[in-house]
Amino acid sequence: MLRTVIAATATLGLAAGCAPDTSAPVKVQALVLSSNGEYVPQEVELKTVTDIVGLKGTVADLHGGARIVYDSQDQDLQTATTPEAFANALLKGAGHDVKASYIDQDGILWPADFHTWNMVTAYYNLERAFDYFQNVGNIPAADFKDPVKTYYFPEFVIADIDKDPLVDNALYFSPMASFMVLPFDQLQRAPLAINAGIIAHEYSHRVFNLKAYNGAPFPEALSLWSSSSPSPGANILKSLDEGLADFHAYGTTCRSIKGCDTRFLGTSFEGEYAQIAANRDLAVTNRCMTAALRNQLLNQGLGEFSGKEYEVGTLIASALYQAGENTGQREVLMRSVVAAYNDSSPQTPGLYQLAQQNLNDQSRFTLAVAVGAIITHVTDLRLKEAVCNELMDHLQIPRDLLVGTPNPNLCPASSTPGTTCPALPTEG
Ligand SMILES: [Zn+2]
């Protein structure tokens, strides 16, 4: 599809790129997933952009040509004593503002080159994710902080792993409070910037950081807990972060032209990578916690557990998916999940508060305690019961850790675990 678009712009490209009026809303063409599953040029409105050439606005600020290096041997990193100094030490080349180029066709801006298509679409996707969290997630605009610096096609090197820059990825990098959209190599059909679901997944990590980690570049519970092994609390936090990012990304697809898409990774991860999309398809109804996975969650350090946060995360996300869909309360549940991230009320503490309460003993931040934050933020009884039943079933959380008064007083007495998953022996 991209090849077709590039050819089409080449034929239109006789007119020079212009510097158009940049006040929002701006009508622009972006690449949007159509109802038949193809990314096609589509007229959209950017509502938050203040500089359409530099692709800056209240949601994001795109920045090109940066070089970011993480090298544990780097003296500058080792001597950094503040998060700001650490972020500065990572940034080896600051790069520059991006410069998008358009052709104005009757008041609609058409990207004049491939990178402009890619960047405008990335900005649009970030704006849609912001809109979801503001309107479905009910997060006040002021809570989103400054526009997110979004490094477009930076050279991002993790020197301890590989001297070559990483490709084919998009990420939220909390030490720099920034997104990175890395260059693509293998994933050419839908580079990640164009896949709205993937951008929403990354945006969800930012929201999780702002709320469940209280905006810390180095979240206290995660840093402290992951410094020892095993690190069950850190493993659970990472699993929630990944799983809920997929759950919200799915939520954003329901507001798109194509409609709800439980397998939104599929347009980027195909062919030899198709298994990645299948493994995280939220509509698979028979995923179960296994004894092996639970053992790893509880008994491995975060480094060793790495990769399995997606497996546990998908269990959480697909359980929530079923509860939301089966009760017809998808958006209500999504809003409740966001509300569960940070809540200072003693009756209904959020994930942030529960992690802080258990800082000195991460073994007390269990799956039951963590999902309990979500359960207490669901007010509708039928939805709460459905959430309880699916989580007990797919995560194999023992019923007595969620049901009962006065403690734990999380799920209604009517809750009974579903029977999709074979019962695991109780944690010993
Ligand atoms: Zn992720």
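General remarks:
- Spatially, segment 324-350 and segment 251-268 are offset by 21 Å when compared through their Cα centroids.
- Contact order normalised by residue count of the chain, Cα under 8 Å, 6+ apart, percent: 12
- Accessible surface of the chain [probe 1.4 Å, protein heavy atoms]: carbon and sulfur percent: 50
- Where labels lie 7 Å past Cα in the beta-carbon direction, separation of ALA216 and ALA85 in nm: 1.9
- Site pair GLN78 and ARG399 shows an inter-label distance of 5.7 nm when each label is modelled 7 Å from Cα along Cα→Cβ.
- Residues whose amide H falls under 5 Å from that of CYS421, counting only those 5 or more places apart or on a different chain, are absent, with hydrogens built in the peptide plane.
- Close amide-amide hydrogen proximity is noted between ASP61 and VAL148, LYS149, THR150, each under 5 Å apart and 5 or more residues distant or on a separate chain (H modeled in the peptide plane; Pro and chain starts excluded).
- Backbone HN-Hα couplings from phi across segment 203-214 [Karplus 6.51/-1.76/1.60, Hz, Gly and Pro as x]: 4, 4, 5, 5, 5, 4, 5, 4, 9, 6, 10, 6
- Within the listed set CYS388, CYS260, CYS288, the Gaussian network model of the chain (springs between alpha-carbon atoms below 10 Å) gives the highest mean-square fluctuation for CYS260.
- Comparing VAL69, VAL120, VAL181 in a Gaussian network model of the chain, where Cα atoms under 10 Å apart are tied by springs, the biggest mean-square fluctuation is seen for VAL69.
- Comparing ARG206, ARG335, ARG294 in a Gaussian network model of the chain, where Cα atoms under 10 Å apart are tied by springs, the biggest mean-square fluctuation is seen for ARG294.
- Exposure ranking of SER174, SER414, SER239 by accessible area [1.4 Å probe, largest first]: SER414, SER174, SER239
- Contact order normalised by residue count of segment 1-194, Cα under 8 Å, 6+ apart, percent: 23
- To the nearest 10, the accessible area of THR253 is 10 Å² with a 1.4 Å probe.
- Measuring against 20 Å, Cα to Cα, the residue pairs LYS27/LYS99; LYS56/LYS92; LYS56/LYS145; LYS56/LYS258; LYS145/LYS211; LYS56/LYS99 contain LYS56/LYS92; LYS56/LYS258 as the ones spanning a longer distance.
- Couplings 3J(HN,Hα) for segment 84-89, derived from phi with the Karplus relation 6.51 cos²θ - 1.76 cosθ + 1.60 (θ = phi - 60°), are 5, 5, 5, 4, 5, 5 Hz, where x marks Gly and Pro.
- Compared with the dominant Cα axis of the chain, that is its longest principal axis, helix 308-326 is turned about 80°.
- Integer Hz, Karplus 6.51/-1.76/1.60 couplings in order for segment 329-342, x for Gly and Pro: 10, 3, 6, 4, 5, 4, 5, 5, 5, 5, 4, 6, 5, 8
- Close amide H contacts of ILE103 (hydrogens built in the peptide plane, cut-off under 5 Å, sequence separation of 5 or more or a different chain): TRP110, ALA112.
- Here the simple spin-label model places points 7 Å from the Cα toward Cβ, and for ASP162 and GLN356 these points are separated by 3.9 nm.
The values are calculated or read from the model by the stated rules, or taken from the named source; none is laboratory data. No experiment lies behind these values; they were computed from the predicted model shown. When we count neighbours, we look across all protein chains shown, and the Cβ atoms used for this are built from the backbone with ideal geometry, even at glycine. Areas reflect the complete protein model, heavy atoms only, side chains present, ligands, DNA and RNA absent. Shrake-Rupley method; radii C 1.70, N 1.55, O 1.52, S 1.80 Å.
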